[in-house]
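J.: Pasting a structure here, questions to come.
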Ligand SMILES: [Zn+2]
């Protein structure tokens, strides 16, 4: 059922990621990125990169999307993630989430017990893989379950 929803929403996700990319704040790298998260009720939550003059504090599109989802109360049911980007917003090669974003997406996915499909969207190809392939043996909430208070 979730695979059918991903297939049904696939183009919507990509269009949403592309629209999100247009809101990127990337004056330092010039590399604009958009991300779209698909949830099991069909909702799509997006994010774009938000750079910082310190460089190191810049936020990636996937991280912004996850924070936005959490802020709106969506912490379960993450089925898929679409990401795309390029210099000046020109999408060429398929890009995949950076290591930090893989960990951030893993946190959101783990809260709902899902292994989301990640769509890395390029101009001529879409590379798809499960998060568990991008981030094998992930560290997550389960590893701290005996230590953390109720959330
Ligand atoms: Zn990232």
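J.: Only bridges with both residues in the chain count here: give the DSSP antiparallel percent, nearest 5.
T.: Looking only at bridges with both residues in the chain, the antiparallel portion is about 80 percent.
J.: By count of other Cβ within 10 Å, fewest leading, how are 87, 1 ordered?
T.: Exposure proxy ranking, most exposed first: 1, 87.
J.: Report the relative contact order of region 45-151, percent, no decimals, based on alpha-carbon pairs under 8 angstrom and at least 6 residues apart. It would help to have the intermediate numbers written out before the result.
T.: Working: 163 pairs, mean separation 24.0, N = 107.
Relative contact order, region 45-151: 22 percent.
FYI, it's all coordinate maths here, none of it is from the lab. In this text, all values refer to a predicted model and were calculated from it rather than measured experimentally. Please note: Cβ atoms are built from the backbone with ideal geometry, for glycine as well, and neighbour counts cover all protein chains shown.
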